[in-house]
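The values are calculated or read from the model by the stated rules, or taken from the named source; none is laboratory data. Remember, predicted model here, so these are calculated numbers, not experimental data. Cβ sites come from the backbone with ideal geometry, for glycine too, and all protein chains shown count toward neighbours.
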Amino acid sequence: MRVIQGTSNRGLAKAISERSGNKPIITDIKRFPDGEIYCRSLEPIDGEDVVIVQSTYPDNNALEALILAALAKDLGARSVTGVIPYFGYARQDMVFNEGESFTARTMARHLQLSMDNIVCVNLHKENTLEQFNDVRSSVNISVMGEIGTFLKELDVDFILSPDKGAVGYAREVAEFANCGFDNLEKTRIDGKTVKMAPKELDVNGKIVAIVDDIIATGGTILRAQETLREQGAKKVYACCAHGLFTDGGIERLSPVLDGLYSSDTIENPTSEISAAGPIVEYLMTILG
Ligand code: R5P
């Protein structure tokens, strides 16, 4: 297999190439003066199993993923595998209100036009994979094991998910961090504000990590950490797979936390945990 390093995730793509013992394909990916994307492979790739590492967020990265996949097909790649570290529009995973777009499905339909295999990471909802209905294989990899191992080093002794939907993540992380876990119950008021139902937690004097799939505005984490402080937690960390950090999320959260960490599915100053391990492990099973 040979890796094309898309511009969204150069660090992760480099780690994937190195771990799998393959030199990345030399490419020239840049912008024309008008902002349009230019992609060129500077070496032949016909007959190769090509792995494209590129997120589909924000929109220009999605377009780059589509262009790179079509390019690999046009140049005669034997197979094209899309490693999509962060699948943009993952949260638009159904029609919530009549007449609106089912955008996660739209994205899947377009990506599978030139991709034979799809590798996603901690999709907001696992069943979004079903939208890739015309590929050889599709998988949802989890980095929660890596997060758990990382938190174990910080001597974390309790894991908390901010809502019921994320309790599976808390369970997975706790298994690797070798500690207990629980969940809060969140109600979203608006895009930036959430409310937590009162709940007594066994966190007095403990080092606690809040774990979620995505941190966006930080509203969810902010409220969860308040609950933990009120109940006597000694230290509060927050950790996620995808650090979107919209609207100054890092600046809002850093002062109130003892540590803020994310994986490298979205590269940012907090992405200290790499998703490369489980991704390469899976790629080896399908591409050898
Ligand atoms: C929602 O269900 C997700 O799992 C996250 O909890 C949510 O995206 C976090 O958003 P924010 O950081 O804006 O509260």
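Tabulated values for the structure
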item: Selection status of Glu185, within 16 Å of the ligand (Cβ to nearest atom) and either farther than 25 Å from Glu267 by Cβ or under 17 Å from the mean Cα position of the chain (by Cα) (or both); result: yes
item: The listed residue being farther than 27 Å from Ala170 by Cβ and either modelled with pLDDT of 95 or more or surrounded by fewer than 20 Cβ atoms within 10 Å (Cβ to Cβ) (or both), out of Ile84, Ile67, Ile147; result: Ile67
item: Search result, residues across region 213-244 that are of a type in the set (Asp, Glu) and within 8 Å of the ligand (Cβ to nearest atom); result: Asp213
item: Residue match in region 261-273 (condition: acidic (Asp, Glu) and in contact with a His (Cβ under 9 Å, 6 or more places away or on another chain)); result: no
item: For Glu172: the one exception among (1) outside any strand (DSSP E or B); (2) farther than 30 Å from Ile84 by Cα; result: (2)
item: Residue that is surrounded by the fewest Cβ atoms within 10 Å (Cβ to Cβ) [pool: residues in region 224-258 that are part of a helix (DSSP H, G or I) and among the polar types (S, T, N, Q)]; result: Thr246
item: Sole exception among (1) among the hydrophobic types (A, V, I, L, M, F, W, C); (2) within 23 Å of Gly11 (Cβ to Cβ); (3) under 20 Å from the mean Cα position of the chain (by Cα) for Ile221, by number; result: (2)
item: Candidate set from region 259-288 (those that are over 18 Å from the mean Cα position of the chain (by Cα) and either at positive phi or in a strand (DSSP E or B) (or both)); member that is modelled with the lowest pLDDT; result: Gly288
item: Considering residues of region 193-223 that are of a type in the set (D, E, K, R) and over 16 Å from Lys164 (Cα atoms) only, the residue surrounded by the fewest Cβ atoms within 10 Å (Cβ to Cβ); result: Asp202
item: Residue within region 98-112 that is under 24 Å from Asn268 (Cα atoms), assigned by TED's automatic domain parsing to the domain that holds Arg136, of a type outside the set (Asp, Glu) and modelled with pLDDT under 95 present; result: no
item: Options Thr227, Thr217, Thr193; residue that is among the hydroxyl-bearing types (Ser, Thr, Tyr) and either touching a strand residue (DSSP E or B) at 6+ places or on another chain (Cβ under 7 Å) or free of Cβ contacts under 8 Å to residues at least 24 places away in the same chain (or both); result: Thr227
item: Single residue of Lys199, Lys192 found to be more than 16 Å from the ligand (Cβ to nearest atom) and outside any strand (DSSP E or B); result: Lys199
item: Thr187 being β-branched (Val, Ile, Thr), in a loop (DSSP other than H, G, I, E, B) and assigned by TED's automatic domain parsing to the domain that holds Asp163; result: no
item: Cross-chain or 6+ apart pairs with Cβ under 7 Å, region 124-145 first and within 16 Å of the ligand (Cβ to nearest atom), then aliphatic (A, V, I, L, M) and outside any loop (DSSP other than H, G, I, E, B); result: His124/Ile214; Thr128/Ala104; Asn140/Leu129; Val143/Val121; Val143/Ala241; Val143/Ile273; Met144/Val173
